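*Asks:* Here it is, the structure, as structure tokens.
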Amino acid sequence: MSEFFIEYGLFLLKTITFVVAIVILIGAVAAAGRKAGSQEGLEVENLNEKYQNLANGLRKVILKKDEWKAEAKAEKRRLKAEAKSSAHRPRSFVIDFKGDLKASAVPSLREEVSAILEVASKEDQVILRLDNHGGVVHEHGLAASQLARIRQREIPLLICVDKVAASGGYLMACMANRIYAAPFAILGSIGVIAQIPNFNRMLDTHGVDFEQVTAGEYKRNVTMFGKNTDEDRARLKEQLEDVHTLFKAAVSEYRPDLDLSKIATGEHWYGTQAMELGLADEIRTSDELLAELVQERDIYCLAFKVKQPLQKRLMGTVDGVLEKFDAAGWRRRFEARLPR
């Protein structure tokens, strides 16, 4: 009997220890989440200093001691001369946009653009490093409108596509005065798509009725649970064509030399092909562009951190899962086109 109580006591102790550990872990995660969510504001990094510090770190290792001292003294004299000089170098403001289905980076983008427009002049420029494979129409339309604000102020807008700017992503990219694309970056997909599963037959099989009451002839056409008719599908197709027309009009406004009959087919192309079609202006990565500009400009990288409530951060996890599925779909499409 005593052995039973000893074993039971050990089991209970282990259980309590496990529960306490879980509670502590949850508390730590929640505290970290609250801290991260409470931080909001604009972060600015001087890329000239960043690149110089990286280079100095390497020089210090590979150069001999006397060579490194000479380099350090020369750099110190150069910086001192620049500080005394009254010459004003033009500036480049770098911002990043990582796209997802809902273009959730738009709140940061609008604040970054507003900050830049308060200080930038026409001799400055804005560089957007864009990575976006598209998503919801109105969200990406709003993102594009933020970039249009820069064009309206006649401040040069350069957009670098190192990976992908497709569909809503290309709607953003076409706002640029000049588009730079990496050799294997993906551009285009100027089209509109709606994919809706329908469970009506499954519900019928299980004897489940679906009721939908609307006011307005076209309040709802194609549904997930009701029986869809050819008329419903035709109406949805008409709506998609309307959006496609708006998409093409926006692209044509900012890149009037494009042949829409060739590029507004919903297809996508890699960097070199995209440049031949006029979707991009030059084959160059963002790293190459910045390495060149740093010699003649002061370059600042901006990032606005938006305060996110806990509920929205948790929902962001769900969106992240959906985003992975969507990205996987893009990846399968691209891999299917690669030579075997």
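*Asks:* In this model, which of K98/K262; K64/K305; K219/K262; K163/K219; K73/K98; K14/K307 are farther than 32 Å apart at the alpha-carbon?
*Replies:* Numbers: K98/K262 28 Å; K64/K305 42 Å; K219/K262 34 Å; K163/K219 38 Å; K73/K98 40 Å; K14/K307 39 Å.
Beyond 32 Å: K64/K305; K219/K262; K163/K219; K73/K98; K14/K307.
*Asks:* Given the options N53, A74, G41, identify the residue whose Cα lies farthest towards the positive end of the charge dipole of segment 41-85 (+1 on Cβ of Lys, Arg; -1 on Cβ of Asp, Glu).
*Replies:* A74
*Asks:* Which of the trypsin sites (Lys or Arg not before Pro) found in segment 98-128 are in a DSSP loop and have at most 10 neighbouring Cβ atoms, other than their own, within 10 Å?
*Replies:* On the way: sites: K98, K102, R110, K122; in loops: K102, K122.
The qualifying sites are K122.
*Asks:* log₁₀ I(q)/I(0) of segment 75-150 at q = 0.21, 0.23 Å⁻¹, via Debye over equal Cα point scatterers, no solvent, to two decimals?
*Replies:* Rounded to two decimals, the profile gives -0.91, -1.02.
*Asks:* Rounded, prolate or oblate: which one fits segment 192-258, using the alpha carbon gyration tensor with axes a ≥ b ≥ c (rounded when a/c is under 1.5, else prolate when a/b beats b/c, else oblate)?
*Replies:* Judged from the Cα gyration tensor, segment 192-258 comes out prolate (a/c at least 1.5, a/b above b/c).
*Asks:* Rounded, prolate or oblate: pick one for segment 41-85, where a ≥ b ≥ c are the square roots of the eigenvalues of its C-alpha gyration tensor, a/c under 1.5 means rounded, and failing that, prolate if a/b is larger than b/c, else oblate. Working shown, then result.
*Replies:* Working: a/c = 4.70, a/b = 1.44, b/c = 3.27.
Oblate, because a/c is 1.5 or more while a/b does not exceed b/c.
*Asks:* Can you give me the long-range amide H partners of I299? Hydrogens built in the peptide plane at 1.01 Å from N, cutoff under 5 Å, separation of 5 or more residues or another chain.
*Replies:* Answer set, sorted by chain and number: L47, N48, S92.
*Asks:* Starting from the Cα of L203, step 7 Å along the direction of its Cβ; do the same at E267; then give the gap between the two resulting points in nm.
*Replies:* In this crude spin-label approximation the distance works out to 4.0 nm.
*Asks:* Tell me, what is the FRET efficiency for N228 and F18 to the nearest 0.05, using R0 = 51 angstrom and their Cβ-Cβ distance as r?
*Replies:* The value I calculate is 0.50.
We did not get these values from a lab; they are worked out from the coordinates using the rules stated. Since the model is a prediction, treat every value here as computed from it, not as a measurement. Every residue, glycine as well, gets a Cβ built from its backbone with ideal geometry; the counts of neighbours run over all protein chains shown.
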